[in-house]
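Trainee: First the structure, then my questions, so here it is.
The values are calculated or read from the model by the stated rules, or taken from the named source; none is laboratory data. Given the structure is predicted, the values throughout are model-derived calculations rather than measurements. Reconstructed Cβ throughout: ideal geometry from the backbone, glycine too, with neighbour counts over all protein chains shown. Areas reflect the complete protein model, heavy atoms only, side chains present, ligands, DNA and RNA absent. Shrake-Rupley method; radii C 1.70, N 1.55, O 1.52, S 1.80 Å.
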Amino acid sequence: VQLQAFGGGLVQAGGSLTLSCVASESDLRILNWYRQAPGSQREVVASITDGGITMYADSVKHRFTISRDSAKNTLYLQMNDVKPEDTGVYYCNVDDMSFTTYWGRGTQVTVSS
């Protein structure tokens with residue numbers, strides 16, 4: 001599975017940004033957004049299963065929304081009320097139906113205070 005993420009950039013604190021990730025296949029078990037802040041480990045931000053169940057890290061609950069458009073093979077992350085601590089490289093990550101994991105290249109998000 002090939003993944004390509006779009007939508008990163010510079011945004012002011014309190015603003016919004018939408019990330020997209022286009023997958024080369026549609027038959028995916030779980031899709032995730034991870035982020036890695038400078039000097040920190042990569043962490044999962046949000047997940048969505050093939051059944052539509054969503055999960056969020058406590059730090060982004062009620063601010064970020066993960067969704068998918070199966071017809072377009074696209075995963076989204078709507079980021080609202082962003083904070084400087086949301087700065088980092090955001091990666092999309094998927095597991096296919098055989099539980100093989102794939103990573104896309106990251107997209108940089110920078111939140112200015």
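Trainee: With θ set to phi - 60°, apply the Karplus curve 6.51 cos²θ - 1.76 cosθ + 1.60 along region 29-45 and write out the HN-Hα couplings as whole Hz, x wherever there is a Gly or Pro.
Mentor: These are the phi-based 3J(HN,Hα) values: 7, 9, 10, 9, 10, 10, 9, 9, 7, x, x, 10, 7, 5, 10, 7, 9 Hz.
Trainee: On to the next question. Rounded to the nearest percent, how much of the accessible area of the chain (1.4 Å probe, protein heavy atoms only) is carbon and sulfur?
Mentor: Looking at the chain in its full context, I get 48 percent from C and S.
Trainee: Charges at C-beta only: +1 for Lys and Arg, -1 for Asp and Glu. How large is the resulting dipole of the chain about its Cα centre, in Debye rounded to 20?
Mentor: Roughly 220 debye, rounded to the nearest 20.
Trainee: Given Cα pairs under 8 Å that are at least 6 residues apart, what percent is the relative contact order of the chain? Mind dumping the intermediate values first?
Mentor: Details: 281 pairs, mean separation 42.3, N = 113.
Over the chain, the number comes to 37 percent.
Trainee: Of ASN73, SER47, ASN32, which is farthest along the charge dipole of region 28-113 in the positive direction, counting Lys and Arg as +1 and Asp and Glu as -1 at C-beta?
Mentor: ASN73
Trainee: Amide H neighbours of THR87 under 5 Å, counting only residues 5+ apart in sequence or on other chains, H built in-plane at 1.01 Å?
Mentor: VAL111
Trainee: Follow-up question, since we're still on this one. When Lys and Arg each count +1 and Asp and Glu each count -1, what net charge do the other residues less than 10 Å away from ILE30, Cβ to Cβ, add up to?
Mentor: -2
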